[in-house]
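Below: one structure, written as structure tokens.
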Amino acid sequence: MIELLKDKKVIFFDVGYTLDYPLSGDWMFTDKFYELANDKLNKYSSDEIQSARNKSLEYLEKNHLVRTVEEECRQFIHFYSEISGNLELGLTEDEIKEIAFDRTYNMNNYVVYPDVEKVLKVLCKSHKLGIISDTWPSIDQQLRAIGVADFFATHTYSCFLGTFKPDERMYTDALNKCGVPARDTVFIDDSPKNLEGAAKLGITPILIAANPASDVDSPYLKIRSLSELLY
């Protein structure tokens with residue numbers, strides 16, 4: 001086990017690009033979305049698609065207090081309806097519902113990193129493990145589907161607080177649930193901005209760069225695989 005963890009009591013983990021990654025390569029544009037949008041996307045540049053996506057994400061960001069998977073699915077119906085309208089994809093109401101349902105309930109959209117279960121099995125024997133994630137209510141089903149749900153003692157989900165990292169409330173909620181001081185905890189995340197928010201409260205940050213986009217210069221310890229925590 002790396003030296004940094006030896007005097008800590010709790011390890012908090014992000015989920016996306018820490019424990020798992022999207023099968024399609026995109027958290028929102030799932031295989032089902034690409035299947036039904038088909039080649040209609042091809043007439044747009046990546047900048048145009050990104051602009052439409054960002055515009056549609058504003059709704060999700062402004063309405064993020066979501067308690068149930070049913071509410072989550074309704075939000076995704078709104079999101080994909082906006083995407084279809086902004087890009088003139090011409091998706092039917094049934095197609096939009098099918099994409100939203102798939103995004104909410106199809107756990108095959110997520111792929112666990114190969115070393116995750118092995119690492120969590122070791123770490124849970126010496127530390128309490130927790131989650132701090134920007135996510136929706138279906139996250140519990142997602143964690144079960146990728147086989148890691150039982151390793152975590154505490155869970156802080158943005159959808160139940162109505163805010164996202166690096167809002168201080170995300171970290172204070174996690175600290176209150178684990179019952180130990182920030183100095184005794186570590187947080188592993190793929191976003192330097194999220195780690196900075198944790199560090200401000202005294203949580204020790206570790207940047208994970210399993211996703212190449214996260215492999216950036218950082219003042220924090222950087223790993224590319226959770227396996228590096230054990231050596």
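The values are calculated or read from the model by the stated rules, or taken from the named source; none is laboratory data. Note that the structure is a prediction, hence the values are computed from the model and not measured. Cβ sites come from the backbone with ideal geometry, for glycine too, and all protein chains shown count toward neighbours. The area values use the complete protein model at the heavy-atom level, side chains included, leaving out ligands, DNA and RNA. Shrake-Rupley method; radii C 1.70, N 1.55, O 1.52, S 1.80 Å.
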- What is the residue count in the stretch 112-134 for residues that are over 18 Å from K177 (Cα atoms), open to solvent by less than 30 Å² (accessible area, probe 1.4 Å) and either out of contact with any strand residue (DSSP E or B) (no Cβ under 9 Å at 6 or more places or on another chain) or in a loop (DSSP other than H, G, I, E, B) (or both)? 2
- Between residues in the stretch 47-72 that are without any contact (Cβ under 8 Å) to a residue 40 or more places away in the chain and residues that are of a type in the set (D, E, K, R) and open to solvent by 70 Å² or more (accessible area, probe 1.4 Å), which pairs lie under 7 Å by C-beta distance while being six or more apart or on different chains? none
- Task: Take D190 and decide whether it is under 17 Å from S227 (Cα atoms), at pLDDT 95 or above and open to solvent by less than 50 Å² (accessible area, probe 1.4 Å).
- Result: yes
- Counting only residues in the stretch 172-187 that are free of Cβ contacts under 8 Å to residues at least 40 places away in the same chain and surrounded by fewer than 15 Cβ atoms within 10 Å (Cβ to Cβ), the one nearest to D14 (Cα to Cα) is identified as T172
- Please find, among T154, T204, T185, the residue that is in contact with a helix residue (DSSP H, G or I) (Cβ under 8 Å, 6 or more places away or on another chain) and closer than 26 Å to E70 by Cα. T154
- Query: Which condition breaks for K40 when tested against (1) part of a helix (DSSP H, G or I); (2) out of contact with any Gly (no Cβ under 9 Å at 6 or more places or on another chain); (3) open to solvent by 70 Å² or more (accessible area, probe 1.4 Å); (4) of a type in the set (D, E, K, R)?
  - Reply: (2)
- Message: Looking only at the stretch 85-98, count every residue that is within 18 Å of N54 (Cα to Cα) and either outside any helix (DSSP H, G or I) or touching a residue at least 40 places away in the same chain (Cβ under 8 Å) (or both) and tell me the total.
- Response: 3
- Report, by residue number, each residue of the stretch 103-143 that is of a type in the set (V, I, T), farther than 15 Å from D14 by Cβ and over 18 Å from the mean Cα position of the chain (by Cα). V122
- Index of the failed condition, S138 passing every other in (1) open to solvent by less than 30 Å² (accessible area, probe 1.4 Å); (2) farther than 17 Å from Y21 by Cβ: (2)
- Please verify whether the stretch 8-26 includes one or more residues that are of a type in the set (A, V, I, L, M, F, W, C), within 28 Å of S214 (Cα to Cα), open to solvent by 90 Å² or more (accessible area, probe 1.4 Å) and touching a strand residue (DSSP E or B) at 6+ places or on another chain (Cβ under 7 Å). yes
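Residue-by-condition table, conditions (1) under 22 Å from D167 (Cβ atoms); (2) touching a helix residue (DSSP H, G or I) at 6+ places or on another chain (Cβ under 6 Å):
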{"residue": "D47", "(1), (2)": "no, no"}
{"residue": "A52", "(1), (2)": "no, yes"}
{"residue": "L65", "(1), (2)": "yes, no"}
{"residue": "C73", "(1), (2)": "no, yes"}
{"residue": "E82", "(1), (2)": "no, yes"}
{"residue": "L87", "(1), (2)": "no, yes"}
